[in-house]
Every structure is written in C-alpha cells, then in structure tokens.
Amino acid sequence: MNKKQRRMRNRIVIALVLFAIVYAVTEFLPLDSWLGSARAAVYVEFALFLVPYLIAGYDVLLRAGRNIKSGHMLDENFLMSVATIGAFSLVLFPDSGPHMAEGAAVMLFYQVGELFQSYAVGKSRQSIAEMMDIAPDYANVMDDGRLVQVDPTEVAVGSRIVVKAGERVPLDGVVVDGTSQLDTSALTGESLPRTVEPGSDVISGCVNMTGLLTVETTKPFGESTVSRILELVENASDKKARTENFITRFARWYTPIVVGIAALLAVIPPLAGMGSWSDWVFRGLTFLVVSCPCALVISVPLSFFGGIGGASKLGILVKGSNYLEALASVDTVVFDKTGTLTNGSFVVTSVKPAHPGDEERILRLAAHAEAFSDHPIALSVRAAFSGDIDTAQICDVEERSGHGVMATIGGERVSVGNDKLMHTCGIIFDETDTQGTVLHVAANGTYLGFIVIADEPKPDAVAAIRALHEAGVRRTVMLTGDRLAAAQSVASRLGIDEVHAQLLPQDKVEEVERLLSGGAARTGKLAFVGDGINDAPVLTRADVGIAMGAMGSDAAIEAADVVLMDDKPSNIARAIRISRKTMRIVWQNIVFALGVKFAVLVLAAIGVANMWLAVFADVGVAILAILNAMRCMNVRK
C-alpha cells in the first residue's frame, strides 16, 4: 500500500469511527429532551454527521466541482455529491425524517469502494511493475584500467561491458569471458537458472547470479530485449478490448439518462399531486445512488489489467486487452515449424551421394555455398564439414528465399536447396521420402546427391498440442518450407491436425488467408505462432499473432500481439486459459452489476428501496466486482 493509499485509509478509518460515535449518540441519547425540541435535535444531528461526511468525502466534492467547471460533470463524483448533499438537504423538509446518516454512509462506503479499487489496481500493477524493474540502472565499462558505471543508452554496439555477480545484464550481447548462471525469471517466468559461457548469447534484464562476465554488446539499448519489453508493457493499456470500449460508451450514455430519470422521478409525481416532495426527492436521490456505474467502469478494465498482469508473471506479454479478448476466442492455432515446435538446431544426420564416394565433395560444396548464410540449416551444414572454408573460391552467391542458394565455387556452378530449386534449375534428381529435411546438391547441372538434416521437436511440444486441444482449440495446423514427408513425420509425433509443407514465406500468408476465410463453419479466431523474420507478415495477418521467445527476431516480436518470453509452446495454452478466465470474470461482473442495479433501481422508483439498500447496490456491488476482478491476477506457474 503506497503513501496515498495509506492516507486515504487513515482518513476513512477516522471518518468511520466518528460516524459510529455520532450514530450511537443520535440513536441512544435523548437529544430531543435535552434540547427541548425535536427540530433542534435534527439540526444537531445534521452538524454531527456533517463532520465524518466531510472528512471522508471532501475530495469527491472538490472533484465534482472541478468537473462541473470543465464541463465534464456527469461522472460518479457528480452522482455521489448530488445524492449525498440531497440527503442532507432533506433536513429542510419538516415532514421528512432525517437522512443525514444515510448521506454520510453513502459517501463513506463509496470511499471504501474507491480504496478497494486503488488497492486492486495497485496489486495488478505490481506484477507488471516487477517486470518494469528489469530496466538496468547502469553498465560497467572499462576505462583506463578501471570500471566506470555509465548509462546503458551511452554504450555503443561492439563495446565490452563487465557484469558482476548480483548485477542485472544491461544490454544484449555475447559472453567473451567468464562463466556464470543467469536468473531469467523476471523475463520468462522460468525459475531454473541458465548457464552461460564464452560464446553464449545473453539478453538484457537477466540477473547474473555467480561469476564475473565480460560481454560484447550486439545491440544498442533502444533495440535491446529489455527496451522492447518495457515498451510493450507501457503501451498495453492503450489497446482496449471491445468489451472495455463498450462499457466506456455505455457509461457515457447511461449516466445522463439515469440523472434525467432521477430528476423526473423527484419532480413530476409531487407536481402531479401523487405525494409529498420530500418522499419523491428521497426516491430520486436513492435512484441516483443506485445508478452510479462504479462496478462496471472499475471492474471491467481492472479484470483485463489483472489478466495482463497475471500473464506477465508467466513470461507471457500481451500487448493490450483487445488481444487478450481475441485470444479467448481462438479455436485454430497455426504454427510455423522451425524454432516454434522444433528447436531450430539442425544436425546433419546423413549424406546420400548419387555416386558412392562423393560424400566429402557434397559436404564441401554445400558448406562453401552456405558460407555467408546465418540460416540454421546453413549453420548445421558448415558444422558437419570438417575442413576449412576457403571464401576466396566463392563468388556469384545467389540466395533464393524458400528455395536455397546458388554459388560459383572454384569455377563450378553449385546449387544447394530443396526440390523447388532443383526444378527451377532444370536438374534431374531422384525423389526421396527420407524423414527429415533434404538438401539437394548439384554442380554444373549434374545432380550429386542430398544431405539429410534433422530438427528435433521441443521437449514440451507434444504436451503443448495436447494442452491446446484440452483447452478447446478445435484445429492445430503446421506450416513449413520442409518437404511433406519430413513435415508429416514431425506432425504425427506431435499430434498436429493438419500439415502444409514446401511453402515459401508468401505461401504461408496465402495459407493463413485461406484458413481465415473458412466460411460459415469458422466461428472463432485464428492465432499464428512463429519466431522468424519471415513470419512477421503472417503474424500481422492473423487474428492473434504470437511470437516465440525474447531471442526471436525483432521483426516477429514487433509484429506479434502476444510475446512468449521463453521458447515453450506449452505457454500458448496457458495464455488461452488466462484469457478465457479473464473474459468469464468480465462477463460475471457485467451481468451481476447490471442485474442488481436494475432490480434495485425498480425498487427505488416505487419507493421500496431505502438509502441503505442503495449503498449495497452501488458500493457493495462495486467491492464484490473488484474482488472478483482480482481473481484474474491469480495464475499457476
């Protein structure tokens, strides 16, 4: 509880104590006989109840006054002020019983509700604030043989920084010296530390737990992981769900309507001779108290905020409540295969030459052709080649996205790629149903053979697909540039419902377009999960784009609506469960608040509901809705 909340709490406690004392005095002491007049006793009660009323609600009255001056008067501050001042004003009607106690009680319990709201918002902000704490305060840079602390924004790419034990890694980079364990829980929700050594990538925001690390920076602070995360979190509240926008629009129309009804209720019946002014004014005031839309305008945004905060505890960043709402309706999940369902760490498992004895030549030519590529397949081919790559022999390199690469190596024109590249180059080759990714190799138009590369599924990929089906996802689809046989092998192991293979990056967009236009049979939303730079267009096109991992490409994370900070596909089902729980709570609050208010509004209009019931219908319902909304923050790790 912050300083402002503590002050508010103390003020409410003082007002409640004074209210209880005044209430006891007016109920149990014979003020009438002491003062010699019942009317004098009423004026004394007025003065006594005015003290706790002003202590508790002076700020509400001030806000209402400022809003009236600025032309924005029809909010809950105005409703509370009019209703409570009206209750005190009934002292001017001699035929009316005193209602100062109810007026003071309405303001007191309204403020109790406001305190609950402030506390609930603070709790939901806390989990996000913990993530905001990942921002590093400084970076250690060596200057003339001594370490100097500088602002991370001032560190240039390629600089070497030192991260001591207990310090937070300030910038993305590569370890050049030292071994240690990193605590990544603030980013990924994963409690197990990660071991790093020379050559390991490190991301900003992690905490160095044990050894001393020297890190060479690879990105400026503005493009680092921690900077991207903070930007996502800060902008999350700007993107509101349709339900949230509906409640805002509803309150904008609802409030002036009920104020008008309350005014008519207080004026028309007594003018028509249907009763006393005091009776109908009191009914109008009670109607005003009941009509205050606090429960809705507080609990619905709080539910979404709590859902986003709860998800962040698990390392799931949702960029706005609109995406959380869309995620709850997902019934089709489409995956890119490499790096999403599989590790993306390819390994050459075999070399199949067209002529025996050409294995070494095939590997040498493929490794040289892939010498300048950072693609995981290229890295695996180079790792499998035991010799040295002579870049002086390589020229005229031509990469064809989704096909492969062609290059001139030592005077030979070499083609390395998939079936499509062989067809494009007019090279005759033997079709194969070998399990795994097949990389064909040809030189000067002659087919030499192929390399088989395997990419193992992630450890929790099977559990992730099963969890999605258990969560109500009707269809899981895998898109890949791999050959059909290799794709079907992975899909059958994981339990994927549908596979589309040998796709170019633009083919993936077309496939998602086809799935999105599924006709009348399609009722839910489509989510696409990817991690590569070529996934960015598909992530943008899907109803919900989900990027895998903080180590994924910047383009994928920028294009995505949801970012999973670790690389576990099982967190997709968790994100869907959190979103559906949030939407259940949102609608529970809407139905409960509107149902109770409508019932008590009718009772207030016919004179059955008193001010105490109005207090429950307003403040009581708001507190219950807030407590219900706070359940969104409770997530299981």
* Structure fact -> Sorted largest first, the Cα spans of region 156-219 on the principal axes come out in Å as 30, 20, 18
* Structure fact -> Between Val267 and Lys69, the two model label points (7 Å from Cα along the beta-carbon direction) sit apart by a distance in nm of 2.7 nm
* State the extension gain, in nm to one decimal, for the chain segment bounded by Ser276 and Thr434, taking 0.36 nm per residue of separation less the distance between their alpha-carbons. => 47.7 nm
* Structure fact -> For the pair Phe598 and Thr195, the simple spin-label estimate (label points 7 Å beyond Cα toward Cβ) gives in nm 6.3 nm
* To do: Quick one: dipole size for the chain, taken about the Cα centre, charges +1 on Lys/Arg Cβ and -1 on Asp/Glu Cβ, in debye to the nearest 20.
  => 2920 debye
* On a 0 to 90° scale, report how tilted helix 484-494 is relative to the longest principal axis of the chain, with both axes built from alpha carbons and the result rounded to the nearest 10. => 40 degrees
* Could you state the number of Å between the C-alpha centres of region 242-284 and region 431-471? -> 68 Å
* Structure fact -> If each K or R counts +1 and each D or E counts -1, the residues other than Ala622 whose Cβ falls under 10 Å of its Cβ total -3
* Proximal aspartates and glutamates relative to Lys352, as straight alpha-carbon distance under 13 Å, when same-chain residues fewer than 8 apart are discounted -> Glu360, Asp430, Glu431, Asp433
* 20 Å binning of all Cα-Cα separations within the chain, expressed as whole percents from 0 upward -> 16, 36, 27, 14, 6, 1, 0
* **Theoretical gain in end-to-end length, Arg6 to Leu504 [0.36 nm per residue, Cα-Cα removed]** => 173.3 nm
* Asked: How far apart, in nm, are the 7 Å Cα→Cβ label points at Cys395 and Ile257?
  -> 7.9 nm
* To do: Could you work out how far helix 294-313 tilts from the main Cα principal axis of the chain, as a 0 to 90 degree angle to the nearest 10?
  => 30 degrees
* Asked: For region 347-454, which semi-axes, largest first and in whole Å, follow from the square roots of 5 times the eigenvalues of its Cα gyration tensor?
  -> 18, 16, 14
* **Zero-based 10 Å bins, Cα pair distances in region 400-481, whole percents** => 15, 36, 22, 17, 9, 1
* To do: Provide the net charge surrounding Thr214, with neighbours chosen by a C-beta distance below 9 Å and charges set as Lys +1, Arg +1, Asp -1, Glu -1.
  => -1
* To do: Using 0.36 nm per residue of separation minus the Cα-Cα distance, give me the extension gain between Ser159 and Asp374 in nm, one decimal.
  => 75.2 nm
* For peptides 570-583, 598-611, 214-227, sequence by mean Cβ density within 10 Å, most packed first -> 570-583, 214-227, 598-611
* 0 to 90° range, to nearest 10: angle between helix 461-470 axis and the chain longest Cα axis -> 40 degrees
* Once amide H atoms are built 1.01 Å from N in the peptide plane, which residues 5 or more positions from Thr349, or in another chain, come under 5 Å H to H? -> Val452, Ile453, Ala454
* **Cα lying deepest toward the dipole's positive end in the chain, options Phe46, Val259, Val600, charges on Cβ** => Phe46
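Every read-out reported here was derived from the displayed coordinates using simple, explicitly stated rules and does not represent laboratory data. In this text, all values refer to a predicted model and were calculated from it rather than measured experimentally. Every residue, glycine as well, gets a Cβ built from its backbone with ideal geometry; the counts of neighbours run over all protein chains shown.
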